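Values quoted throughout were computed directly from the atomic coordinates according to the rules given, and no laboratory measurement underlies them. Please read these numbers as outputs of a predicted model, since none were measured by experiment. Note: ideal-geometry Cβ built from the backbone for every residue, glycine included; neighbour counts use all protein chains shown.
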Amino acid sequence: MADKNHNAPVSDVSKGFQSRKLTDKRSKLVKSKIRYMESLSPRDFPVSGIKAPPGFKALSMSQALWVYSQPLMYLVPTPEDISKADDIFEIIATIWNATINNLPAIEKKSDQEILAMIQDRLGLDKNRAKKLFLMMLRRKQYLFPNYIQPKRVRFVFISKERTYLINRFDYESLELTDDPIPPDNLDLELVQRLERLDRYTLGSANYDEYEGLLLKVQGECSQRFGKWLNKKGIKKQEGFSFFIDVYVSFIYANRHKKPITLQSRPGDYIIEFMVFHLLSKTSIEPWEYTLCPSAIRLFYKFLHEKGYLTHPPNPTIDYIDRMETYFLDILGERFS
């Protein structure tokens, strides 16, 4: 997806909505005092440097397109109907590109072609297709007026249709049972695969083998973590599992300044995940983002109880506690 600025054409839009040297030595999560944590400050959260004008907020292109597409989402019968969702996202991208004045004609469909696409993909008659097309053109002009857009940045300014009250999720209210839940055979298999993934990350591996292992680990992490949450007394857990799936992918599928694993000491990569990766790669209700710090806290406790972490994850949890206030400030600035 073109993501450089507001006037860039959009392509392969469906992929933007989501919403990825051998060694036996492992980085130990054992430091009781991490000096660099003491200097954590708002300067470590530069995403808020983009200041939107009054009445607007800054969104990544993928988030902007998701918001723009909402009037059409009722046409998707079920969340599992991927083909219908893909059709809608392609229509959204085509209409978006049609509003870009300086886009080469070869990359731009005519109004007649767009109407024909809407009729064919959504099964609408010509009159309804025309009404929908005009409505989306007006919506684009209202939400993303050209005169207000920043130049050559990875964000766009969108009119605030709604504002949200951003409050810290009450982590202490979860009332988890303190009794450890020993690993079963499936947990032990997950730990073995995680350790093998760590060796591949820090060493070398065939790409296809690495990718296959990562996909398996992602699925197992979400599943085993969900069962652990249930046994701990947390029944409503979908949001927590969602963040862990995205987090595991971020750790192992993204490029970092130096290789990291779930064994790594807490550091800037956690800020990068919450502030940059999460907010630009996912589109969920604003209040749901407040679950993320708690989800990661719980995940590291899970990894310790299952034997992947040999020491309690207190430094990581302390780091998350310190940064959560700044994260909430960013959510408030963006969505309130």
Sites TYR207 and PHE276, calculated FRET efficiency, Cβ-Cβ separation with R0 35 Å, nearest 0.05:
0.90
Sorted from fewest to most neighbouring beta carbons within 10 Å, what does the list LYS258, LYS306, LYS130 look like?
LYS258, LYS130, LYS306
Which loop-located trypsin sites (Lys or Arg not before Pro) does the range 214-280 contain, where loop means any DSSP state but H, G, I, E or B and the Cβ has at most 12 other Cβ atoms within 10 Å?
LYS235, LYS236, ARG255, LYS257
Where does each of VAL67, VAL248, VAL191 land when they are ranked from fewest to most other beta-carbon atoms within 10 angstrom?
VAL67, VAL191, VAL248
Volume of the Cα convex hull of the range 171-335, divided per residue and given in Å³:
116
Using the Cα atoms as the points, what is the convex hull volume per residue of the range 284-336 in Å³?
64
The summed charge of the ASP178 Cβ neighbourhood (under 12 Å; Lys/Arg +1, Asp/Glu -1) stands at -1
Relative contact order [Cα under 8 Å, 6+ residues apart], the range 171-335, whole percent
28
Tally of Lys pairs whose C-alpha atoms are under 29 Å apart, taken over the range 139-237, 8 or more apart or cross-chain:
10
